[in-house]
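Worksheet: the structure to be examined is printed underneath.
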Amino acid sequence: ATPTSIMVGTGRGAENGILFKGGEYLEGTQGIEAVLLDKTGTITEGRPRVTDVKTISGDGKDFAYIAAAEKRSEHPLAEAVVAYATEQGIEVDQPASFEAITGHGVQASIEESNVLVGTRKLLTEQSIDVSGAENDLRQFEEEGKTAVLAAIDGQLRFVIAIADTVKSTSKEAIDHLQKDAIDVYMMTGDNTRTAKAVAREVGIPEENVIAEVLPQHKADQVEKLQKEGKKVAMVGDGINDAPALAIADIGMAIGTGTDVAIEAADVTLVGGDLTNIPKAIKLSKKTMRNIR
Ligand code: ADP
Ligand code: MG
């Protein structure tokens with residue numbers, strides 16, 4: 001590889017919002033056979049908002065407890081719940097105690113009440129009956145929304161539907177990669193039904209959806225594809241994605257994502273437009289051709 005052609009290539013990437021951390025990553029990007037895309041914040045905008053609240057039992061005061069439980073969480077879903085409550089004119093207090101349960105939700109104590117907000121698993125593990133939520137869960141999830149359950153003192157109270165918009169260029173980017181014979185996967189901590197609905201929208205086949213992945217297991221999924229002999233690129237934006245970005249043959253971070261993801265990655269996609277993935281691969285091939 002001549003240093004000049006590498007310099008020209010990285011420069012051209014930078015002009016297009018593709019920042020390679022070094023020449024070796026520009027070289028390494030060619031020949032990628034599988035691309036794993038995180039869902040929230042990578043395929044989607046990452047600005048979730050509450051669209052529906054189904055009340056199973058309870059009132060505005062109960063919803064204020066739910067929002068208070070989310071107040072100290074830094075999860076985007078939590079921010080959506082707090083923003084919604086505030087928009088409804090509900091005052092959201094600080095919880096007396098709070099615990100984030102990674103990949104599942106939050107548990108908090110508010111005025112001596114025990115509040116749980118998160119996945120069905122979070123609630124059922126504490127023996128809470130969630131059968132009253134099944135129909136709403138199914139409906140919201142089939143719409144590609146994340147359905148969050150909320151309980152107070154062991155009673156299911158609300159089903160909260162949260163939606164995030166798919167980026168306008170995600171489908172085009174995925175089509176392009178697939179036309180170049182690259183396998184595209186979606187990986188997410190979100191539930192399977194929601195993930196599959198979003199995958200359908202962007203043209204990722206159902207069998208390439210890896211859902212309900214705990215943060216500590218995202219890197220294992222990259223390794224699994226590598227063990228099948230594939231050269232893997234991982235694309236993500238979150239703190240959760242950092243180990244997977246680091247272990248992938250090429251890690252690509254969304255420029256609007258967390259600093260931790262950007263540090264762990266080899267390439268930064270400045271504007272977060274996924275069409276820069278096939279562009280980066282093309283640039284790499286072109287650079288390598290010129291130097292042979
Ligand atoms: P991802 O960021 O990939 O969607 P996470 O591992 O952060 O996945 O979360 C997985 C799931 O756990 C979410 O889809 C949601 O159902 C639940 N969850 C996590 N944190 C919260 C929270 N603060 N409030 C409500 N639900 C949560
Ligand atoms: Mg994400």
Per residue of region 109-114, what does 6.51 cos²θ - 1.76 cosθ + 1.60 with θ = phi - 60° give for ³J(HN,Hα)? Whole Hz please, x for Gly and Pro, Karplus curve as stated.
10, 10, 6, 6, 9, 9
Project the alpha carbons of the chain onto their principal axes and report the range along each, largest first, in whole Å.
69, 33, 31
Sequence-separation-based contact order of region 49-163, relative, with Cα cut under 8 Å and 6+ spacing, percent
31
Expressed as a percent, the portion of alpha-carbon pairs in region 193-268 spaced more than 14 Å apart is 61
Too long at a 20 Å Cα-Cα cut-off: which of K21/K179; K179/K282; K230/K282; K171/K285?
K21/K179; K171/K285
Based on DSSP, what percent of beta bridges with both residues in the chain are antiparallel, to the nearest 5?
65
Under a Cβ-only charge scheme (Lys and Arg +1, Asp and Glu -1), can you give me the dipole magnitude of the chain about the Cα centre, in debye to the nearest 20?
1360
Pairs of Cα atoms under 8 Å, at least six residues apart: use those to get the relative contact order of region 130-257, whole percent.
17
Determine the relative contact order of the chain: mean sequence separation of Cα pairs under 8 Å and six or more apart, normalised by residue count, in whole percent.
25
Non-local amide H neighbours of R47 (under 5 Å, H modeled in plane, Pro and chain starts lacking H): which ones?
T165
Using mean Cβ contacts within 10 Å as the protection proxy, how do 67-73, 23-29 order, highest first?
67-73, 23-29
Return the tail of the calculated pair distribution for region 64-121, meaning the percent of Cα-Cα pairs more than 15 Å apart.
40
Expressed in nm², what is the orientationally averaged projection area of the convex hull enclosing the Cα positions of region 49-163?
6.1
Tell me, what ³J(HN,Hα) does each residue in region 118-130 have, in order and in whole Hz, if you take phi through Karplus 6.51 cos²θ - 1.76 cosθ + 1.60 with θ = phi - 60° and put x for Gly and Pro?
x, 6, 4, 4, 4, 6, 5, 5, 9, 6, 8, 6, 10
Inter-part gap, Cα centre of region 50-92 to Cα centre of region 232-275, in whole angstrom, is 30
Any lysines whose Cα falls less than 23 Å from that of K71, other than same-chain ones fewer than 8 residues away, would be K54, K61, K121, K145
Once amide hydrogens are built 1.01 Å from N within the peptide plane, the residues lying 5 or more places from D237 or on another chain with amide H under 5 Å from its amide H are I254
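Since every read-out is calculated from the coordinates, none of them should be taken as a lab result. Everything numeric in this text was worked out from a predicted model, so none of it was measured. Here the Cβ is made from the backbone with ideal geometry for all residues, glycine too, and neighbour counts use every protein chain on show.
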